[in-house]
Amino acid sequence: QQQHQQHQQHQQYQQHLQYQQQQPSVHQQPGGSAAPVQASSPQLAGQTQAACASSMDFDKILQQNQYILDQQQRSLKEIQEMEQKRKNEEEIRKREEDLRQQAEEMRKQQEEIRRLEEENRIEEAETQAKLMHIELERLVEAAERECERAAAIAESIVSEQARKTLRDEDIIRVAAEFDTGRATAQAALKVCSTFTAGRHRQLMGAREETKKAASEFIQRIGKADRGLSMTAGRVNAARNPAKQRIEAEARRKAALEEAKRQEEMFKRFDSNHDGRLSLDDIIALCKGEYHFDLQPERIEAIKKSDAFKPDGVPFSKFAVLRTMIGIALGEAQAKKRKEEALARKLRSERQCAQVEQDAKMIHECIGGIETEVRKAEMKAGPLMAYTAPKSNIAWAAVEAAAGDVDIAIGAAKDFIAAAKEKLQAMV
């Protein structure tokens, strides 16, 4: 309101100045001279001075008001800028809040997706584990049945009380049957182990009850394997003594059979049936039983031995005689091997000499072939280069040259045939 009043005063002052400028400054007098204009009254002069003073004060007031107005405009501009900045910041905060809400919503969605995926994974793992449990249970039950069957077979020999009523042959037979059943059970256990190999994580599933069931299957497999191994150890503990007794009995029988055979042999070669083997009997023994000729030096050694004294070898010394004959047989075989090796060496040397001779002849044949081929080429050269008309051909010269070529070719074929023959002989 103050500014409005000041503005009205300023307009009045401007109107007063315009009015003064419109009034003439001098009055025209008769005769053409001008007279200064006099004020109409002292009141008008006072008003003029007051107006001038008021105009100066008004300019100052106007400047002050203008300064105040500029400050207010700057303040208003700053307020507007601050308000705009506040609105911008509020908008940014609002957008950030929206983004945070969207991020939170997205996080919740992702967590829900992960939860659903985890549930799906658990369900798939459980489904797969249960299917594996069904198959593994079938395999484990089959393996347990085979282990129980093998244990039932071995029951008659692992029990010491029951084993006393069995012969050694029966124990060996039952142990062999157990070995067959054990092999079948081991194969069934191996199928279980192969089924679980590398699939432990799938077999365990995701829930505790599934893991517990898988652990029970694994424990059952281990228990069956350990039980089978323990039964096998007890079967071997029963079988080994029985086997040793059977082998000892077999050795005893073999010894008796060998003694009987030796006695029959002694009697067969005892020509005069006096209970002693003479030198002729010993030579016949070596020839007929061992298929070699006793050397004179060995005959003398036998004759001078204690086994032969005084005039032959009795049956009680027959084992010593057989030892001496074995030594002589070894020497004879060694001598024979040496002779055979020497014969092979001589035969190899002869073959090598023959191969060298044949190779030399083949080399000569090849040289002859090359010579005859060159001759044939030389003889045929003029015929191939001959270009005269047929009416001017010297047929007698052509026939002579052709005959020479045939002779050279025939000689080359003879050399080739001789080389082939030598090569075939070498092969």
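The values are calculated or read from the model by the stated rules, or taken from the named source; none is laboratory data. Being a predicted model, the structure only gives us computed values, none of them experimental. Cβ coordinates were reconstructed from backbone atoms using ideal geometry, including for glycine residues, and neighbour counts include every protein chain displayed. All accessible areas refer to the heavy atoms of the entire protein, side chains included, with ligands and DNA or RNA removed. Shrake-Rupley method; radii C 1.70, N 1.55, O 1.52, S 1.80 Å.
What is the gain in length, in nm to one decimal, between Gln354 and Asp293 on full extension, counting 0.36 nm per residue of separation less the C-alpha to C-alpha distance? Each step should come with its number before you reach the end.
Details: separation 61, 0.36 × 61 = 21.96 nm, distance 3.59 nm.
Contour length minus the Cα-Cα distance gives 18.4 nm.
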- Mind ordering 175-186, 94-105 by average Cβ neighbours within 10 Å, highest first? 175-186, 94-105
- Query: What nm value, rounded to one decimal, do you get for the distance between Arg86 and Ile134 when each label is placed 7 Å out toward the C-beta?
  - Reply: 7.3 nm
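Accessible area per residue for the stretch 247-340 in Å², computed with a 1.4 Å probe and the full protein assembly in place, what is it?
Values: 6250 Å² over 94 residues.
On a per-residue basis, the stretch 247-340 sits at 66 Å².
Please give the net charge around Pro310, taking every other residue with its beta carbon less than 14 angstrom from that of Pro310, where Lys and Arg add +1 and Asp and Glu add -1. Show your work: numbers first, answer last.
Numbers: positive: Arg276, Lys303, Lys304, Lys309, Lys317; negative: Asp274, Asp306, Asp311.
Summing Lys and Arg as +1 and Asp and Glu as -1 gives +2.
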- Alpha-carbon centroids, the stretch 107-157 and the stretch 249-276: separation in whole Å: 70 Å
- Length released on extending from Lys164 to Lys94, taking residue separation times 0.36 nm less the Cα-Cα span: 15.4 nm
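Could you provide, to the nearest whole Å², the per residue accessible area of the stretch 147-223 with probe 1.4 Å? All intermediate terms of the calculation are to be shown ahead of the outcome.
Numbers: 4750 Å² over 77 residues.
About 62 Å² of surface per residue is accessible.
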- Using a probe of 1.4 angstrom, how much of the accessible area of the stretch 131-208 is carbon and sulfur, in percent? 51 percent
- Pop a pseudo-label 7 angstrom from the Cα along the beta-carbon direction at both Leu256 and Lys60 and give the gap in nm to one decimal. 16.4 nm
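Suppose the chain between Glu249 and Gln202 were pulled fully straight at 0.36 nm per residue; how much longer would it get relative to their current alpha carbon spacing? Provide the component values of the computation, followed by the final result.
On the way: separation 47, 0.36 × 47 = 16.92 nm, distance 5.73 nm.
Extra length from Glu249 to Gln202 when fully extended: 11.2 nm.
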- Message: Let me check against my output: what whole-number percent is the relative contact order of the stretch 133-262, with C-alpha pairs under 8 Å and at least 6 apart?
- Response: 37 percent
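Leaving out ligands, DNA and RNA, what percent of the accessible area of the stretch 239-360 is carbon and sulfur, probe 1.4 Å?
Values: 4620 of 8540 Å².
Using a 1.4 Å probe with all protein chains present, the stretch 239-360 comes out at 54 percent carbon and sulfur.
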